[in-house]
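Inspection log for the structure reproduced underneath, given as C-alpha cells.
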Amino acid sequence: MSEIVIIADDLTGANATSVLLSRAGYRAATFLKLDDYDEKQHAHFKAISISTDSRGISEDMAYEKVSSITDFFKDKKVKLFSKRIDSTLRGNVGVEIDAVLDHLGDDAMAIVVAAFPSSGRITIGGYLMVDSIPLENTDVAKDPKTPVDTSCVPELIQEQSKYAVDYIPLNQILKGDKALKEKIICSKEKGNKIIVMDATTNEDIEIIAKATKQTGLKVIAVDPGPFTATLTKEFVDRPRIVPGQKVMLTVGSVSALTRRQLEALKIKHKCLFKTVNSAALIYDETRENEINKTVKHLIDKMEYYNILGVVTTTDETEVLDLHEIAQELGVTEDDVTLRISNGLASITRRFMEKTDTVIGGLFTSGGDVTVAVCKELQSAGIEVKDEVLPLAVYGRMIKGKYNHMPIITKGGLIGETHAIIKCVEYLLTKVSTEYHKNI
C-alpha cells in the first residue's frame, strides 16, 4: 500500500514532488485523477501523487475534489499526507488545505513551508521571495487565470482558510529542531490548525522536518515539494535499492574562483564536502591516516547527499606554501603537487570501492588531479562526448575498473560563479536513471 499520498492542484506540480521522492529512493507515480489509481495494481508505489486539476476552478469545486481524494485514503495505512501547493501560491491554497484537514480528524494540523530554495523560492518574514523579488512584484501577479496580489504567505492562507493560521519566523527555525518542536506544540495547544514557517535553505527545511516528527502530532505537509520530500525521510524507511546515483567531486584547485563556485553549489544543492589536510597527504608518515579518515567521514555521512566530494581548501589561509615545503623535502614544487593529487585520487578510488555502485559520475577540477584520478582508477583515458561549457568537458572513462563512468573535467580558473553547478547538474541528469544500493 502507498505510504505517502500527495494531492496536487495540477499535473506539473504532482510530477515535481514525485520526482523529488523518486530521487530520494521511493518508488513514486503520478496519476491524472483518483479514478486512474488502482489500490491493488499500484500497491508497489511508496508514493503517489494525484492531480485535482483545481488551480483555476471555483473554491467549492476545488474543495470537493481534494475532499474526495482525502476521504478515499484517510482510513488506509498512509504515513504522510501532502497538500502540494504551487511554488508561487496560485490557486485555492487555503480552501484545499481546509479540505484535507476536515477529513483527517480534529487532531490533524498543517505545516506550511512554501520555500523551494533550489528554485529560487525562499520565505523570510512570512514573505515569499522569488529570486530575491517579492512574489507580488513578479509576473505571477499578472497571471490571467490565477493572479496573486500578496507576498505574505500567512495572510494569503488566512484569507482563504476558515482555520486559525499561526506563523513561526526564521529566527525560531534557526534555534534548532528541539526548540522548534516546542513552538509547534505550543501553537497547536493554542488552537491553531495551520502553521506557516520561514525557510531560506534546505537545511532550514530539514530542521522543520525533524521538529515536526519529534512533536508526535498528526500533520500534513503543505509545500511545493522539498518539505514533503524531507519529511518523508523522517516518516518512511528508505528502500535498499534506490535510483539516481551520486556524483563525486575531486577538487584539487585552490583558486579563489573555484572556492566561489563550490560555495554557489552548496547554496543551491545539499552537498557533503570533506576538506582534506593537504599537508598530511604530502608526508609519508601522515598520508595513510588522512586518506582513511577522509574516506570514513564520507561513508559515515553520505546517506542523504547526492553530491559529495573532497576539496583541498575552503579559505585562502589554507593554501600551502609549496615552495617552502619543496625546499624542506628536497624535491620540486611539482613533486609536492603530485603527492597531493595522488592522495586525492587515492581517496576517490577507495571511497568508490567501499561504496560499491553508489557513485555514478565524477567531476574533477585541476589538470593534475584529473590525471591522477584516471591513473588511480586504471583508466586509459576519456572518450570525449560533449562540452558542458567552454573548457569543461563531459566524457566517459575508457577501460579500467570503472569503464564507461561519466566524468566531467574542468580547470580551476574556468567558468563563472555557477560553472560547477552546471557541471554537477549535467552529471546528475546522466545518472538519474541508474540504480545503486542504499548502504
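Summary table
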quantity: Residue in segment 224-245 that is on the phi > 0 side of the Ramachandran plot and touching a residue at least 60 places away in the same chain (Cβ under 8 Å) present; calculated: yes
quantity: Matching entry among VAL130, VAL113 (being surrounded by 18 or more Cβ atoms within 10 Å (Cβ to Cβ), farther than 25 Å from LYS181 by Cα and among the β-branched types (Val, Ile, Thr)); calculated: VAL130
quantity: Single residue of GLU416, GLU425 found to be over 27 Å from ILE282 (Cα atoms), surrounded by 14 or more Cβ atoms within 10 Å (Cβ to Cβ) and among the acidic types (Asp, Glu); calculated: GLU425
quantity: Matching helices (runs of 4 or more DSSP H) fully within segment 152-269 where at least 3 residues are more than 23 Å from HIS297 (Cα to Cα) and outside the structural domain of VAL431 (by TED's automatic domain parsing); calculated: 153-160, 170-173, 177-189, 202-215, 226-235
quantity: Extreme residue, surrounded by the fewest Cβ atoms within 10 Å (Cβ to Cβ), among residues of segment 216-230 that are farther than 15 Å from VAL112 by Cβ and of a type outside the set (Lys, Arg); calculated: GLY216
quantity: Condition met for ALA29 (among the aliphatic types (A, V, I, L, M) and either outside the structural domain of GLY120 (by TED's automatic domain parsing) or surrounded by fewer than 22 Cβ atoms within 10 Å (Cβ to Cβ) (or both)); calculated: yes
quantity: Every pair of residues 6+ apart whose Cβ atoms lie under 7 Å, when the first sits in segment 62-75 and is free of Cβ contacts under 8 Å to residues at least 60 places away in the same chain while the second is in a helix (DSSP H, G or I) and of a type in the set (A, V, I, L, M, F, W, C); calculated: ALA62/VAL95; TYR63/VAL95; TYR63/ALA99; VAL66/ALA99; VAL66/VAL100; SER67/ALA99; SER68/LEU34; PHE72/LEU34
quantity: Among the residues listed as GLU328, GLU303, GLU316, GLU324, the single one being closer than 30 Å to LEU428 by Cβ, over 27 Å from the mean Cα position of the chain (by Cα), surrounded by fewer than 21 Cβ atoms within 10 Å (Cβ to Cβ) and not polar (S, T, N, Q); calculated: GLU316
quantity: Within segment 360-379, considering residues that are assigned to a strand (DSSP E or B) and small (Gly, Ala, Ser), the one modelled with the highest pLDDT; calculated: GLY361
quantity: Hey, ASP356 closer than 24 Å to SER255 by Cβ and either assigned by TED's automatic domain parsing to the domain that holds ALA280 or touching a residue at least 24 places away in the same chain (Cβ under 8 Å) (or both) or not; calculated: no
quantity: Residue within segment 380-394 that is exposed (fewer than 14 other Cβ atoms within 10 Å of the Cβ), among the small types (Gly, Ala, Ser) and assigned to a strand (DSSP E or B) present; calculated: yes
quantity: Residues of segment 171-203 satisfying the condition of being surrounded by fewer than 23 Cβ atoms within 10 Å (Cβ to Cβ) and acidic (Asp, Glu); calculated: ASP177, GLU182, GLU189, GLU203
quantity: Residue count for segment 315-344, restricted to those that are of a type in the set (Val, Ile, Thr) and without any contact (Cβ under 8 Å) to a residue 24 or more places away in the chain; calculated: 3
quantity: Sole exception among (1) at pLDDT 95 or above; (2) assigned to a loop (DSSP other than H, G, I, E, B) for ASP102, by number; calculated: (2)
quantity: Among the residues listed as THR12, THR17, the single one being free of Cβ contacts under 8 Å to residues at least 24 places away in the same chain and out of contact with any Leu (no Cβ under 7 Å at 6 or more places or on another chain); calculated: THR12
quantity: Verdict on THR146 being surrounded by fewer than 18 Cβ atoms within 10 Å (Cβ to Cβ), in a loop (DSSP other than H, G, I, E, B), in contact with a Lys or Arg (Cβ under 9 Å, 6 or more places away or on another chain) and among the β-branched types (Val, Ile, Thr); calculated: yes
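Matching residues to (1) under 27 Å from ARG259 (Cβ atoms); (2) touching a helix residue (DSSP H, G or I) at 6+ places or on another chain (Cβ under 6 Å); (3) not aliphatic (A, V, I, L, M):
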| site | (1), (2), (3) |
| --- | --- |
| GLY366 | yes, no, yes |
| SER379 | no, no, yes |
| GLY400 | no, no, yes |
| LYS422 | yes, no, yes |
| LEU427 | yes, no, no |
| VAL431 | yes, no, no |
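The values are calculated or read from the model by the stated rules, or taken from the named source; none is laboratory data. None of these values were measured; they are calculated from a predicted model. We place every Cβ from the backbone using ideal geometry, glycine too, and count neighbours over all the protein chains shown.
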